[in-house]
There are 2 protein chains.
Amino acid sequence: MTTPPPGLRERKKQATREALREAALRLAVERGPDQVRVEDIAEAAGVSPRTYNNYFASREQAIVAAVTSGREARIATAVAARPAGVRLADAVTEAVVEQYTNTGEHEQQALLLITTRTALRDAFLDTTADIEPPLTAVIAERLGDTGAHTARVLAASAAAAVRIALEGWLRPAGNPEAAESFGAGGLVVPSGSLPDRLRAALAPLAPAFDAAERRTQL
Amino acid sequence: MTTPPPGLRERKKQATREALREAALRLAVERGPDQVRVEDIAEAAGVSPRTYNNYFASREQAIVAAVTSGREARIATAVAARPAGVRLADAVTEAVVEQYTNTGEHEQQALLLITTRTALRDAFLDTTADIEPPLTAVIAERLGDTGAHTARVLAASAAAAVRIALEGWLRPAGNPEAAESFGAGGLVVPSGSLPDRLRAALAPLAPAFDAAERRTQL
DNA sequence: ACGCAAACTTGCGTGCACGCACTTTTACTG
DNA sequence: CAGTAAAAGTGCGTGCACGCAAGTTTGCGT
């Protein structure tokens, strides 16, 4: 495709980005997330605070990015890698599960941190939106040009489902927020590991994926 | 259900909320959206700036709320109002179309304003998330307790679809952003009125709604 | 009618996001 | 090997979001 050579400019940019991510995470772990100002992160990475905001739009994004960096691209690649024979719904589901189960030591620690602050939790959940564009691209590829529109909707729905799964997963056990939205029947199933939750959240969308896929094969 | 009498406290709160909304919209129309500070809105509504932020989390929300206020509730009610015989997918789609076609004079003017600033546009698009909880509730009601989980995913997906429809709809014609995400085949259909776009965006989800609905009828 | 507890408002202080104008660095061309 | 244009970094200034710790109002029980 389009990878001439990456050029010094781009490499420096990525280096700065990574420096900011790592500095943010390290400082947050060391002192606790509330004792880290943007100024500190910028200084630790050797750039000005203003430059920090050229890379990340909020204080939380850098910390969260240390966990989620590149996940969107990996999910898209994983979907594209599945043989064309398998159901699109399965390809997407498994790609998602696979990438979110990527539990490196670094990430486990960071996730623990993230659960402790709602601002971080929210920033983390917002990253699910990042998977939408690449997902749209790979889905569109399978559906053909007529399904470009559909691809967009399916990708957004999948992203929404993932968000829901994550939301439930990293909900701290302690809060009595579960019985909030329903008047009477409080028989909800609170359980499940992350892969289970992801699969369960994506399952209801499978018929939509199937229908879209079927439409292209006619 | 639960409407004892609303009480003075609550009525005052709503009054303040509405005062802020109206003040925000009026000032934005009068002077242009960039010439309105939170301080101005608060003053015009007779509260402190700090109180403004107890009601709205951003400067844009008040302006946008002047257009979207109560839409979530109306959509939910509209869905619940459809006879139990019609397809759930249709009920949701028509309820959404109905409520977004609510084109009062006030709103038309405000929408025009909103398109002129991306910050406003984004805030407006973010309000689609508000329909998710009420939609979850009415869908869950139709699906029964076993489908609570599914209801959540379907509601979120519908909200995402609506967002996509709106995004495309109020995209200013002038920007060459359309050919961005696709490498080669730039044959996209740019067209459509808002109801068309909404229906088109929700259509791919219909199979998922059908499947969920079918599952409860077994 | 009284008084208390909970809810709402407000002022203050802090850190943050970002537009703008300017300097420094990188890339490309003759 | 310039010279130049584009891009990234930076300092400054402004308005904003929000925690906190008062003050003020509303609701309710007795």
Select from region B:41-60 the residues that are charged (D, E, K, R) and surrounded by fewer than 17 Cβ atoms within 10 Å (Cβ to Cβ) and write down the one among them that is nearest to DNA strand C (Cβ to nearest atom). B:Arg50
Specify which of the listed residues (A:Arg37, A:Arg11) is touching a residue at least 12 places away in the same chain (Cβ under 8 Å) and basic (Lys, Arg). A:Arg37
Residues being in a helix (DSSP H, G or I) and within 20 Å of A:Leu205 (Cβ to Cβ): count how many of those fall in region A:76-91. 8
Of the residues in region A:152-168, those that are touching a residue at least 60 places away in the same chain (Cβ under 8 Å) and either outside any helix (DSSP H, G or I) or touching an Asp or Glu at 6+ places or on another chain (Cβ under 9 Å) (or both) number 1
Across (1) surrounded by fewer than 23 Cβ atoms within 10 Å (Cβ to Cβ); (2) over 30 Å from B:Ala211 (Cβ atoms); (3) touching a helix residue (DSSP H, G or I) at 6+ places or on another chain (Cβ under 9 Å), B:Ile63 clears everything bar (1)
Can you find a residue that is within 14 Å of chain A (Cβ to nearest Cβ) and under 17 Å from the mean Cα position of the chain (by Cα) anywhere in region B:94-114? yes
Just to confirm my filter: which helices (runs of 4 or more DSSP H) fall fully inside region A:19-72 and include at least 2 residues that are within 14 Å of chain B (Cβ to nearest Cβ), of a type in the set (A, V, I, L, M) and within 14 Å of DNA strand D (Cβ to nearest atom)? none
Going by the conditions given, is A:Gly70 on the phi > 0 side of the Ramachandran plot, more than 12 Å from DNA strand C (Cβ to nearest atom) and not acidic (Asp, Glu)? yes
Within region B:88-114, which residues are more than 23 Å from B:Ala76 (Cα to Cα) and surrounded by 15 or more Cβ atoms within 10 Å (Cβ to Cβ)? B:Ala110, B:Leu113, B:Ile114
For region A:10-21, does any single residue satisfy the condition of being closer than 21 Å to A:Phe124 by Cα and open to solvent by 80 Å² or more (accessible area, probe 1.4 Å)? yes
Condition test on B:Ala119, is it more than 10 Å from chain A (Cβ to nearest Cβ), more than 12 Å from the chain's Cα centre (by Cα) and open to solvent by 20 Å² or more (accessible area, probe 1.4 Å)? yes
Collect the residues in region A:138-187 that are under 16 Å from B:Ala148 (Cβ atoms), modelled with pLDDT under 50 and open to solvent by 70 Å² or more (accessible area, probe 1.4 Å), keeping them in residue-number order. A:Glu177, A:Ala178, A:Ala179, A:Glu180, A:Ser181, A:Phe182, A:Gly183, A:Ala184, A:Leu187
Which condition number does B:Arg71 fail, the rest of (1) within 16 Å of the chain's Cα centre (by Cα); (2) free of Cβ contacts under 8 Å to residues at least 60 places away in the same chain; (3) more than 28 Å from A:Asp196 (Cα to Cα) being met? (2)
Of all residues in region A:122-137, count the ones that are open to solvent by 50 Å² or more (accessible area, probe 1.4 Å) and either more than 9 Å from chain B (Cβ to nearest Cβ) or without any contact (Cβ under 8 Å) to a residue 24 or more places away in the chain (or both). 4
Among the candidates B:Glu107, B:Glu94, B:Glu98, which residue alone is assigned to a helix (DSSP H, G or I) and more than 19 Å from B:Ala159 (Cβ to Cβ)? B:Glu107
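The values are calculated or read from the model by the stated rules, or taken from the named source; none is laboratory data. Since this is a predicted model, take the numbers as computed values, not measurements. Here Cβ is always computed from backbone atoms with ideal geometry, including for glycine, and neighbour counts include all displayed protein chains. Calculation scope for accessible area: heavy atoms of the full protein, side chains included, ligands and nucleic acids excluded. Shrake-Rupley method; radii C 1.70, N 1.55, O 1.52, S 1.80 Å.
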